[in-house]
Amino acid sequence: HRVEAKLPNQRIKLYDKCTESLLDKWEMVKERGEHFMSGEDKRRRLEWIAYWMQNMPGITGRERTVKRESLHQKLVEFLMEKSKAVDLDEAKVEARLFLDHIQQRAGVLVERGRNIYSFVHLSFQEYFAACELHSRLLAAAMTLDMNGFWERELKPLLHDPRWQEVI
């Protein structure tokens with residue numbers, strides 16, 4: 001608020017600004033010139049994690065919690081899938097470093113108990129999951145697979161109350 005002098009009226013823009021502040025601006029100040037990874041890379045990983053966590057069974061209106069081992073394993077899968085050049089050992093190290101960094105520095109993923117993690121608030125989980133869903137929509141549009149996207153991604157979620165806000 002102090003930097004922008006005015007908060008956005010739309011929630012999506014507000015969360016976008018909050019995310020930018022947490023992943024980019026705070027990091028520039030905290031790291032004092034050191035650079036772990038770009039805010040965009042952190043954001044893509046958080047979006048993917050949020051989408052996965054949003055799909056987990058749980059009570060409507062509650063952020064999901066996940067054990068660090070499961071979170072680490074899913075992140076390794078993401079890195080192996082998205083970064084074809086990364087081998088398994090590199091992916092494991094990168095996933096561990098990312099989880100340590102994002103928990104200690106950004107404050108978006110927090111430890112709720114011993115090795116139990118969740119997003120700091122349900123709104124962030126939903127926001128990041130919505131961003132991932134949007135990325136999947138754009139990928140489907142680029143490959144002209146809108147019917148596949150509808151059947152695979154969106155149709156199963158339409159009547160699930162956990163996805164109402166995300167969609």
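Residues of segment 89-119 that are more than 15 Å from Glu69 (Cα to Cα) and touching a residue at least 12 places away in the same chain (Cβ under 8 Å): His101, Ile102, Arg105, Ala106, Gly107, Val108, Phe119.
Taken together, the residues in segment 84-97 that are over 21 Å from Cys131 (Cα atoms) and not in a loop (DSSP other than H, G, I, E, B) amount to 9. If you check Gln125, Gln104 for being part of a helix (DSSP H, G or I) and either among the small types (Gly, Ala, Ser) or open to solvent by less than 50 Å² (accessible area, probe 1.4 Å) (or both), only one passes: Gln125.
Looking only at residues of segment 111-122 that are open to solvent by less than 30 Å² (accessible area, probe 1.4 Å) and of a type in the set (A, V, I, L, M, F, W, C), we find that the one that is nearest to the chain's Cα centre (by Cα) is Phe119. The set of residues in segment 53-68 that are among the basic types (Lys, Arg) and under 9 Å from Arg162 (Cα atoms) contains only Arg62. Taking segment 74-98 as the range and being over 20 Å from Asn55 (Cα atoms) and open to solvent by less than 10 Å² (accessible area, probe 1.4 Å) as the test, the residues that pass are Ala91, Ala95, Phe98. The residues of segment 128-167 that are assigned to a loop (DSSP other than H, G, I, E, B) and over 19 Å from Cys18 (Cα atoms), listed by number, are Thr143, Leu144, Asp145, Leu158, His159, Asp160, Gln164, Ile167. Residues that are over 22 Å from Arg64 (Cα atoms) and either surrounded by 13 or more Cβ atoms within 10 Å (Cβ to Cβ) or modelled with pLDDT of 90 or more (or both) within segment 139-154 comprise Ala140, Asp145, Phe149, Trp150, listed in sequence order.
The values are calculated or read from the model by the stated rules, or taken from the named source; none is laboratory data. Predicted, not measured: the structure shown is a model, and the values here were computed from it. Here Cβ is always computed from backbone atoms with ideal geometry, including for glycine, and neighbour counts include all displayed protein chains. Just the protein is used for accessible areas: all its heavy atoms, side chains included, with ligands, DNA and RNA removed. Shrake-Rupley method; radii C 1.70, N 1.55, O 1.52, S 1.80 Å.
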